[in-house]
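Since the structure comes first, as structure tokens, the remarks are kept for the end.
The values are calculated or read from the model by the stated rules, or taken from the named source; none is laboratory data. Quick caveat: nothing in here was measured; it's all calculated off a predicted structure. Virtual Cβ from ideal backbone geometry, glycine too; neighbours counted across all protein chains shown. Each accessible area value is taken on the protein alone, full model and side chains, heavy atoms only, with ligands, DNA and RNA left out. Shrake-Rupley method; radii C 1.70, N 1.55, O 1.52, S 1.80 Å.
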Amino acid sequence: MIEKHPFGDFIPKNAKYFLLGSFTGKILDNSYDWYYGTKRSQFWKIIENVYSLKLENKEAKQKLFTDLNIAISDIILSCERKSNSNLDNNLINIIFNKKVEEIITKNKIKKIFFSSRFVEKLFRRHFKDLMSENSEIELITLPSPSPRYATMNFSEKVKKYQEILPKLV
């Protein structure tokens, strides 16, 4: 079954940074309402630790990203899943999000943060012309917020995100 991305791109007025993920996890019974909201994803817990904040709802998360000048989107607009799993390598029949290019060209993006190596590889393959025209943009891959990414423990991920992400002013 083809799934279409349920969330729109989030682009604050003065976006300088761009967080790019793959595709949202399956939403079961309205279990979450924004990016990285699956129960297993460690993303928002990592971000709460990085910025010493409690992010209890979508509005609080969007305010933080607005304050940080971070746009957020996924590289995949629609796809199918090979199996009943949220793993990136199960995504097939991928249609790419054309707005990714627009977000980069219409904003003064300095850095693109990829949520995983999978996203970085897709981006480098499918947006290589865009990057050759915008070679000044720094491309940075964050440690995956998936608990399956066991190369780093939670504390190590928090430390790495603190080193990489912009500071709250």
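Under the convention that each Lys and Arg Cβ holds +1 and each Asp and Glu Cβ holds -1, the size of the dipole of the chain around its Cα centre is about 240 debye.
For K157, the lysines whose Cα falls under 23 Å of its own Cα, not counting residues fewer than eight places away in the same chain, are K16, K39, K45, K54, K58, K61, K63, K110, K111, K121, K167. Comparing L55, S144, V169 along the charge dipole axis of the chain, the residue lying farthest to the positive side is S144, per the Cβ-charge model.
Accessible area per residue (1.4 Å probe, heavy atoms of protein chains only) ranks M131, M152 as M152, M131, with the largest value leading. Computed with every protein chain present, the accessible area of D67 is close to 80 Å² [probe 1.4 Å]. Across the stretch 155-168, rounded Karplus estimates of 3J(HN,Hα) from the backbone phi angles (6.51 cos²θ - 1.76 cosθ + 1.60, θ = phi - 60°) give 4, 5, 5, 4, 4, 5, 4, 4, 5, 8, 6, x, 8, 7 Hz, Gly and Pro being marked x. Here the spin labels are modelled as points 7 Å beyond Cα on the Cα-Cβ line, and at K4 and N89 they lie 3.1 nm apart. Rounded to the nearest whole Hz, the Karplus-based 3J(HN,Hα) values (6.51 cos²θ - 1.76 cosθ + 1.60, θ = phi - 60°) of the stretch 133-149 follow the sequence 7, 10, 5, 6, 6, 7, 9, 10, 9, 7, x, 4, x, 6, x, 6, 7, with x at glycine and proline. With all protein chains in place and ligands, DNA and RNA left out, the 1.4 Å accessible area ranks S146, S73 as S146, S73, largest first. Assuming R0 = 22 Å, can you tell me the calculated FRET efficiency for the pair K121 and K160, based on Cβ-Cβ distance, to the nearest 0.05? It comes out at approximately 0.70.
Put the Cα centre of the stretch 64-83 next to the Cα centre of the stretch 1-18 and the gap is 5 Å. Taking the protein heavy atoms of the chain in the context of the full set of protein chains, the accessible area attributed to carbon and sulfur is 48 percent at 1.4 Å. A cut-off of 5 Å between modelled amide H atoms, ignoring neighbours fewer than 5 places along the same chain, links L77 with I95, F96, N97. All other residues whose Cβ lies under 14 angstrom from that of S155 are scored, Lys and Arg at +1 and Asp and Glu at -1, for a net of +1. Under the criterion of Cα pairs below 8 Å and six or more residues apart, the relative contact order for the stretch 91-169 equals 29 percent.
Size descriptors for the chain, from the alpha-carbon set: Rg then Dmax equal 15.2, 44 Å.
Can you give the local net charge around K108? Use residues other than it whose beta-carbon is closer than 14 angstrom to its beta-carbon, Lys and Arg +1, Asp and Glu -1.
Around K108, the surrounding residues sum to +2.
Considering only Cα atoms, the convex hull volume of the stretch 61-113 works out to 102 Å³ per residue. Within the chain, the longest segment free of exposed loop sites, counting GluC sites (Glu not before Pro) that fall outside DSSP classes H, G, I, E and B and have at most 10 other Cβ atoms within 10 Å, spans 57-135. The trypsin sites (Lys or Arg not before Pro) of the stretch 109-163 meeting both criteria, a DSSP state outside H, G, I, E and B (loop) and at most 13 other C-beta atoms within 10 angstrom of the site's C-beta, are R148.
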